[in-house]
Amino acid sequence: KITAPVLMLYGTGDSSMPLVQGPATIWDSIRKAGNTQLTVRYYDGANHGLKLGTTTDGPLAPGVARDLSRWVTGLPATATSPT
C-alpha cells in the first residue's frame, strides 16, 4: 500500500522505462490505496539518471533539481523538524 505522496521523474531518452505504462501502473496502485498524490515530470532527452547525454557524466537535465526541490519543500511533512 502506497499512501505517501509519490513523485516520478522520467527522462524521455531512457529506453529502459516505459514513459506511459510506468506512471499508469503506479497510478493504478496508489489509487487503489486511496492515494491521489502522484506527480509525474518528464525531461526531454534525459537518460535513466535524468542527465543529458548517453553517460552518467552529463549534466542534469534542465529543471530536475528545481522540480525535485519544489516538490519536497511543498510537502507538509517537510515543515516538521527531523528527529
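Observations, loosely collected:
- Here Gly63 meets the list (1) touching a helix residue (DSSP H, G or I) at 6+ places or on another chain (Cβ under 9 Å); (2) at positive phi almost entirely, failing just condition (1).
- When residues of region 43-59 are limited to those that are in contact with a Gly (Cβ under 6 Å, 6 or more places away or on another chain) and modelled with pLDDT of 90 or more, the one surrounded by the fewest Cβ atoms within 10 Å (Cβ to Cβ): Gly45
- Yes/no for Thr83 being assigned to a loop (DSSP other than H, G, I, E, B) and either hydroxyl-bearing (Ser, Thr, Tyr) or modelled with pLDDT of 85 or more (or both): yes
- Ser69 meets all of the listed conditions (1) in a loop (DSSP other than H, G, I, E, B); (2) among the polar types (S, T, N, Q); (3) within 13 Å of the chain's Cα centre (by Cα) but one, namely (1).
- Yes/no for Val40 being outside any loop (DSSP other than H, G, I, E, B), of a type outside the set (D, E, K, R) and surrounded by fewer than 15 Cβ atoms within 10 Å (Cβ to Cβ): no
- Scanning region 22-37 for residues that are exposed (fewer than 15 other Cβ atoms within 10 Å of the Cβ), more than 13 Å from the chain's Cα centre (by Cα) and not in a helix (DSSP H, G or I) yields Ala33, Gly34, Thr36.
- Figure legend. Inter-residue proximity from region 1-17: first residues more than 24 Å from Thr56 (Cα to Cα) and in contact (Cβ under 8 Å) with a residue 24 or more places away in the chain, second residues among the hydrophobic types (A, V, I, L, M, F, W, C) and part of a strand (DSSP E or B), beta-carbon distance below 6 Å, spacing 6+ or different chains. Indicated pairs: Val6/Leu38.
- Filtered by the rule that a residue be within 30 Å of Lys1 (Cβ to Cβ) and among the charged types (D, E, K, R), region 35-53 gives a lone residue, Arg41.
- Residue count, region 1-21 (criterion: under 13 Å from the mean Cα position of the chain (by Cα) and closer than 16 Å to Leu50 by Cα): 8
The values are calculated or read from the model by the stated rules, or taken from the named source; none is laboratory data. In this text, all values refer to a predicted model and were calculated from it rather than measured experimentally. Using ideal geometry, Cβ is built from the backbone for each residue, glycine included, and neighbour counts are taken over all protein chains shown.
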